[in-house]
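S.K.: So that we are looking at the same thing, I have put the structure below in C-alpha cells.
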Amino acid sequence: MTPKIIAVAGKGGTGKTTVCGLIINHLVKAGKTPLLAVDADPNSNLNEVLGIDVEMTLGDIRDNMLKSETTAGMSKQEYAEYMFSSALSEGDHFDMLVMGRTQGQGCYCFVNGVLKSQIEKYLGGYRYMIVDNEAGLEHISRGILPRMDILLLISDSSRRGIQAVGRIAQMIGELKLNPGVVKLIVNRAPGGVADEGVLEEIKKQGLDLIGVLPQDELVYRYDCEGKPSSAVPEDSAVKRAMSDIISKLDL
Ligand SMILES: Nc1ncnc2c1ncn2[C@@H]1O[C@H](COP(=O)(O)OP(=O)(O)OP(=O)(O)O)[C@@H](O)[C@H]1O
Ligand SMILES: [Mg+2]
C-alpha cells in the first residue's frame, strides 16, 4: 500500500488540529481505513479533538530512556524501536502516534530520528496518514515525512492571516519540501464566506483556495464542554463545508 500523506500547516490557533480531526472523522466514516494519525505538535491535543486516550508518547519514551540506565541489553535504537509499539495507540478504526513533549533540553533530534525510521517502517500498512503540526514547520522541515502528498495551509479569515500563510508557502518552496499539492483552507469565516479583501489577498499571495469553513458555534461548544469537536453532527455547518473540501481533494 502507498498511503496518501496529508499534512497541515498554519499559524497558531487557526484550526489545524480541528481540520485534521474532521478529515480523520470523515475518512473513518467513509471506511477509508487503515489510517495513521500523527500528532507532531509537542503540545499535542489531536487525541482530544478525536476523543481518544493516549498512553505514551515518543517524548515519554525518550525521557524514560534518559532516566533509566537499563535498556535490557538492547542498543538505544533497538530499545526505542521496541518501545515504539507502546507509543502506537491502536484504535478500532485508526492508529495514532503522538510525538509529545520532552523535558529537559529542548532537543527533539533523537525522537525525530526514531519517528522518522518508524514511520517509514509502518507506513506501508496504512491507506492514509494525517499529520497534525505545530505552528512552526519544525518537524516538516526536519524531514520526518518521507513525502507530502497534500499540504493544507490553514488560515483564519483575515488579510494578515493570509499573509502569514503566504510566508509559510514561500518557506515550503525554499525548503524544497515539494508537496504534491498545496491548498488553502480559510477557517472560522463569519457566515462561511471569505471577505472580498481576504480573497484579494489570497490572489496576491498566489494561493490556491480549496474551501472556506465557517465559524461554527457547535465546534466552540463541544470544545468548551470537553467533547471531541470532530464528533459534531454530520449536518453541522463545519462538517458540510469540510466534506465539500474533501470531495474536491479527491481522497
Ligand atoms: N470552524 C471553527 N468554528 C469554531 N471554532 C473553531 C473552528 N475551528 C477551530 N475552532 C476552535 O479554535 C481553537 C483553535 O483551533 P485548533 O486547536 O484546531 O487550532 P490549531 O491551529 O491546531 O492551534 P495550535 O496552533 O495551537 O495547534 C479551538 O478552540 C477550536 O475548537
Ligand atoms: Mg493544533
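S.K.: Would you list the helices (runs of 4 or more DSSP H) that sit entirely within the stretch 129-240 and hold 2 or more residues that are crowded, with 18+ Cβ neighbours inside 10 Å and more than 12 Å from ligand 1 (Cβ to nearest atom)? Spell out the reasoning first.
M.R.: Working: elements: 138-141, 159-174, 196-204, 217-224.
The helices (runs of 4 or more DSSP H) meeting that bar are 138-141, 159-174, 196-204.
S.K.: With the requirement that a residue be among the basic types (Lys, Arg) and either within 13 Å of ligand 2 (Cβ to nearest atom) or under 13 Å from the mean Cα position of the chain (by Cα) (or both), what does the stretch 5-53 give you? Reasoning before the result, please.
M.R.: First pass over the stretch 5-53, keeping only residues among the basic types (Lys, Arg): 11, 16, 29, 32.
Hits for the stretch 5-53 are Lys11, Lys16.
S.K.: Another question, if that's okay. Residues Gly73, Gly31, Gly21, Gly13: which one is part of a loop (DSSP other than H, G, I, E, B) and within 12 Å of ligand 1 (Cβ to nearest atom)? Spell out how you get there, then give the answer.
M.R.: Details: Gly73 fails: within 12 Å of ligand 1 (Cβ to nearest atom); Gly31 fails: within 12 Å of ligand 1 (Cβ to nearest atom); Gly21 fails: part of a loop (DSSP other than H, G, I, E, B).
Step by step, each of Gly73, Gly31, Gly21, Gly13 is checked, and only Gly13 is part of a loop (DSSP other than H, G, I, E, B) and within 12 Å of ligand 1 (Cβ to nearest atom).
S.K.: Out of the residues in the stretch 1-10 that are open to solvent by less than 10 Å² (accessible area, probe 1.4 Å) and outside any loop (DSSP other than H, G, I, E, B), state the one that is farthest from ligand 1 (Cβ to nearest atom).
M.R.: Checked the stretch 1-10; the qualifying residue farthest from ligand 1 (Cβ to nearest atom) is Ile5.
S.K.: From the list Val165, Val193, pick out the single residue that is among the hydrophobic types (A, V, I, L, M, F, W, C), under 26 Å from Lys4 (Cα atoms) and out of contact with any helix residue (DSSP H, G or I) (no Cβ under 6 Å at 6 or more places or on another chain). Steps first, please.
M.R.: Details: Val193 fails: under 26 Å from Lys4 (Cα atoms).
Val165 is the lone residue from the list that is among the hydrophobic types (A, V, I, L, M, F, W, C), under 26 Å from Lys4 (Cα atoms) and out of contact with any helix residue (DSSP H, G or I) (no Cβ under 6 Å at 6 or more places or on another chain).
S.K.: Go through (1) open to solvent by 40 Å² or more (accessible area, probe 1.4 Å); (2) under 26 Å from Asn178 (Cβ atoms); (3) within 14 Å of ligand 1 (Cβ to nearest atom) one by one and return the number of the condition Asn45 breaks.
M.R.: (2)
S.K.: Hey, could you check the stretch 65-82 for residues that are open to solvent by 60 Å² or more (accessible area, probe 1.4 Å) and more than 21 Å from Tyr122 (Cβ to Cβ) and say which is modelled with the highest pLDDT?
M.R.: Across the stretch 65-82, the extreme among qualifying residues is Gly73.
The values are calculated or read from the model by the stated rules, or taken from the named source; none is laboratory data. This one's a predicted model, so the numbers in the text were calculated from it and none came from an experiment. Neighbour counts run over all protein chains shown; Cβ positions are idealised from the backbone, glycine included. Note: accessible area is taken over every heavy atom of the protein model, side chains too, but ligands, DNA and RNA are not part of it. Shrake-Rupley method; radii C 1.70, N 1.55, O 1.52, S 1.80 Å.
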